[in-house]
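Have a look at the structure below before the remarks.
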Amino acid sequence: MSCRVVVLISGSGSNLQALMDQADPELCQIVAVVSNRPGVLGLERARRQGIETAVLDHTGYADRDSFDRALVTLIDGYRPDLVILAGFMRILTPAFVAHYHARLLNIHPSLLPKYKGLNTHRRALEAGDQEHGATVHFVTEELDGGPLILQSAIPIVAGDTPEALAARVQQREHLLYPRVMNWFAAGRLQLHNGRACLDGDPIGPNGLRLENTEFDMREMPDA
Ligand code: GRF
């Protein structure tokens, strides 16, 4: 049985594109893409692939609770097994997170647990870090704080700017997220007692490193 995936976006949808391009058709199907902002490029990307789209504009709702309730109703209409946040720029209510417990993923542009929240690239530069990266994790109530699954790191080089760093981190995001989606769809990835597990083995608190998995490094773009 194919894993039904709903992807939530707010913008350009480059991660969505990677998910669509690299989804294993034997394992999963992206059944809908939902945006809280009308007219974004990500919606166009989905339509080009023949994937159903929906817009739920948060500005039409009085508060976060009522928006999230409407969002749950919309998403559940697609009967998802997995919900993927791909640049969805909204803080979600505890009720939303609880509803999709163990089937809600997010990608964050930092080597979590470092730099939760916004402006991660600038913060990594200002701290003088030597590396930076991205992380896929299960979503829990704590913002960017759920169990880590998979990370990829890139070196920070002299003269780097937040923009240059963001572009290189995004290349890694596009490798991480489809891989994790396919693991989940294959039944290899689960959330058990608050810990992410791959093939039944608990993943450590820092997540796995893409570079240390069976990933073929020749597929890795230059960092
Ligand atoms: C990504 O950098 C992701 O880490 C962050 O938002 C960005 C979304 O980019 N959460 P895109 O819409 O997938 O191009």
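Laboratory data are not the source of any read-out in this text; all were calculated from the coordinates shown. Owing to the predicted nature of the structure, the values given are computational and were not obtained by experimental measurement. Glycine gets a Cβ as well: all are built from the backbone with ideal geometry, and neighbour counts include every protein chain shown.
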Given the options A70, A18, A62, A54, name the one that is among the hydrophobic types (A, V, I, L, M, F, W, C), part of a strand (DSSP E or B) and either over 16 Å from the mean Cα position of the chain (by Cα) or closer than 17 Å to L105 by Cβ (or both). A54
Restricting attention to the stretch 78-121, which residues are more than 14 Å from the ligand (Cβ to nearest atom) and either in contact with a Ser or Thr (Cβ under 6 Å, 6 or more places away or on another chain) or at positive phi (or both)? R79, A102
Among the residues of the stretch 1-31 satisfying the criterion of being closer than 19 Å to L92 by Cα and away from the ligand (no atom under 11 Å from the Cβ), which is surrounded by the most Cβ atoms within 10 Å (Cβ to Cβ)? V5
Residue satisfying condition, being in a strand (DSSP E or B), of a type outside the set (K, R) and in contact (Cβ under 8 Å) with a residue 40 or more places away in the chain, within set V6, V97: V6
Of A196, A167, A186, A153, the only residue that is over 17 Å from A86 (Cα atoms), surrounded by fewer than 17 Cβ atoms within 10 Å (Cβ to Cβ) and either of a type in the set (G, A, S) or under 20 Å from the mean Cα position of the chain (by Cα) (or both) is A186
Every listed condition ((1) more than 14 Å from the ligand (Cβ to nearest atom); (2) in a helix (DSSP H, G or I); (3) crowded, with 19+ Cβ neighbours inside 10 Å; (4) of a type outside the set (V, I, T)) holds for R45 save (1)
Looking at D65, D129, which one is in contact with a helix residue (DSSP H, G or I) (Cβ under 8 Å, 6 or more places away or on another chain) and more than 24 Å from V180 (Cα to Cα)? D65
